[in-house]
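Student: Pasting in a structure now, in structure tokens, and then I'll have a few things to ask.
Derivation of every value follows stated rules applied to the coordinates shown; laboratory data play no part. All of these numbers come straight from a predicted model, not from anything done at the bench. Virtual Cβ from ideal backbone geometry, glycine too; neighbours counted across all protein chains shown.
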Amino acid sequence: MRLLCKFVILMSLGVCSVCAKPNVYILATGGTIAGSSKSALSSAYKSGSLSVDSLLGAIPQAKELANLKAEQISNIGSQEMNDAVWLKLAKRVQALLSKKDVDGVVITHGTDTMEETAYFLNLVIKSAKPVVMVGAMRNADSLSADGPLNLYNAIAVASDVQSKGKGVLVVMDDAIHAAREVSKTNTTGVDTFKSLNSGPLGHVLYGHVRFYMQSLRKHTLESAFDIAQIHDLPRVDIIYSHANDHADFVQSALQHGAKGIVSAGMGNGNLYPSILEALAQAAKKGVAVVRSSRVGSGFITRPGEIDDSQYGFVSGDNLNPQKARVLLMLALSQTHDPQKIQNYFDTH
Ligand code: ASP
């Protein structure tokens, strides 16, 4: 009854509450989507050159999808992404989504570290409202720039009620990916983003959204982590393995105060003998050691050729090293116990 009255009053004012557009914020951080170049046919360009207003200026059609408001958080190539920007961005996303009159957030971002930022937000934001990350592989001055349509599609996904409760999403090249699953797989191709272990959640074609699946791992409201409790992040380093390896980088990480090490191991997380020894010593001293793989897809078995429980290691499941690093930093904000850290890796 109350709803009907509200509807009738709004209708008499010429506003239909049923077809009211959602309110979506665009938070810009930089990247190739905001990049510019002297030539439409050059591979040389500068990331993070254009303002968020000029990105939206290229897609006037987006105003039909949602009421848009825009803010510039940073304007950097995402290879410069750092903890300070992550914390600022996450706190702003949380503050916006906590407002009743904000329905979703779109974040423009460089593609190099988009998967890391997406997974970080996926783990710390407490809201079911859509958070959608988007970027581009071709700068804004390039022939066939992919940014405008990617951004339009991201706004469509953020405006769609189907996107609620699915965690942080990444929209690129007509695909909708889950933050935990997606990674950049090609240095230059517009179809670079793939969810190698699971496939995308859905697709978005000229703003028409279709979902087919969703993630079963904990995120946003169910995650153990909350941006309200996070003020800084511990140092966690990634050590990349190769034939004829040397343990010096493990020593260096420890000397520089790493609280955790993610090993980008060979195959199923395997390690050159001297690295295995150095990491076992690190774990004995209380440094968290997570085994992941440089391969790019698949999970780490526990145990495999290496028995994690013998060395006090954590298995990184099917997270790639850069995502394992994000989860380990957050896990270390709560515990240093390898078993409890393993539990986070098994569930998030
Ligand atoms: N280096 C750029 C960045 O990550 C690449 C891109 O956005 O596609 O900001």
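Student: Taking the range 200-214 on its own, how many of its residues are aliphatic (A, V, I, L, M) and within 13 Å of Val132 (Cβ to Cβ)?
Tutor: Within the range 200-214, residues that are aliphatic (A, V, I, L, M) and within 13 Å of Val132 (Cβ to Cβ) number 3.
Student: Condition test on Gly286, is it over 21 Å from Trp86 (Cα atoms) and either crowded, with 21+ Cβ neighbours inside 10 Å or of a type in the set (Ser, Thr, Tyr) (or both)?
Tutor: The answer is no for Gly286.
Student: Sort out which residues of the range 264-276 are of a type in the set (Gly, Ala, Ser) and either more than 19 Å from Phe299 (Cα to Cα) or in contact with a Gly (Cβ under 7 Å, 6 or more places away or on another chain) (or both), and write them in order of number.
Tutor: Gly269, Ser274
Student: Moving on to the next point. Give the residues of the range 116-133 that are more than 14 Å from Ser159 (Cα to Cα) and buried (at least 24 other Cβ atoms within 10 Å of the Cβ), sorted by residue number.
Tutor: Thr117, Ala118, Tyr119, Phe120, Leu121, Asn122, Leu123, Val124, Ile125
Student: Can you go through Ala118, Ala84 and tell me which one is farther than 21 Å from Glu181 by Cα, in a helix (DSSP H, G or I) and of a type in the set (Gly, Ala, Ser)?
Tutor: Ala84
Student: Ok, one more. Tell me, please, whether a residue that is of a type outside the set (S, T, N, Q), within 15 Å of the ligand (Cβ to nearest atom) and within 26 Å of Arg235 (Cβ to Cβ) can be found in the range 99-109.
Tutor: The answer is yes, given that some residue of the range 99-109 is of a type outside the set (S, T, N, Q), within 15 Å of the ligand (Cβ to nearest atom) and within 26 Å of Arg235 (Cβ to Cβ).
Student: Turning to a different aspect of this structure: Which one of these does Gly165 not meet: (1) in contact with a Ser or Thr (Cβ under 9 Å, 6 or more places away or on another chain); (2) surrounded by fewer than 21 Cβ atoms within 10 Å (Cβ to Cβ); (3) part of a strand (DSSP E or B)?
Tutor: Condition not satisfied by Gly165: (3).
Student: Further question: In the range 296-315, which residues are over 18 Å from Thr347 (Cβ atoms) and β-branched (Val, Ile, Thr)?
Tutor: Ile306
Student: Given the range 216-313, what strands (runs of 3 or more DSSP E) lie entirely inside it while holding 3 or more residues that are within 30 Å of Leu201 (Cβ to Cβ) and touching a residue at least 40 places away in the same chain (Cβ under 8 Å)?
Tutor: Fully inside the range 216-313 and qualifying: 236-240, 260-265.
Student: In addition: Does any residue in the range 133-149 that is under 24 Å from Arg180 (Cβ atoms) and within 11 Å of the ligand (Cβ to nearest atom) come within less than 6 Å, Cβ to Cβ, of a residue that is β-branched (Val, Ile, Thr) and assigned to a loop (DSSP other than H, G, I, E, B) six or more places away or on a different chain, and which pairs are these?
Tutor: Gly135/Thr111; Met137/Val190; Asp146/Val190
Student: Ok, one more. Can you report the number of residues in the range 33-78 which are basic (Lys, Arg) and either within 16 Å of the ligand (Cβ to nearest atom) or touching a Gly at 6+ places or on another chain (Cβ under 9 Å) (or both)?
Tutor: Matching residues across the range 33-78 total 1.
Student: For His177, which of the numbered conditions (1) within 28 Å of Asn23 (Cα to Cα); (2) assigned to a loop (DSSP other than H, G, I, E, B); (3) touching a strand residue (DSSP E or B) at 6+ places or on another chain (Cβ under 8 Å); (4) not polar (S, T, N, Q) fails to hold?
Tutor: Unmet condition: (2).
Student: Here is a follow-up. Given the criterion more than 30 Å from Ile59 (Cβ to Cβ) and not β-branched (Val, Ile, Thr), identify the matching residue among Lys194, Lys285.
Tutor: From the options Lys194, Lys285, the qualifying one is Lys285.
Student: Checking the conditions here, which among Ala128, Ala90 is in a loop (DSSP other than H, G, I, E, B), in contact with a helix residue (DSSP H, G or I) (Cβ under 8 Å, 6 or more places away or on another chain), hydrophobic (A, V, I, L, M, F, W, C) and within 24 Å of Leu319 (Cβ to Cβ)?
Tutor: Result of the check over Ala128, Ala90: Ala128.
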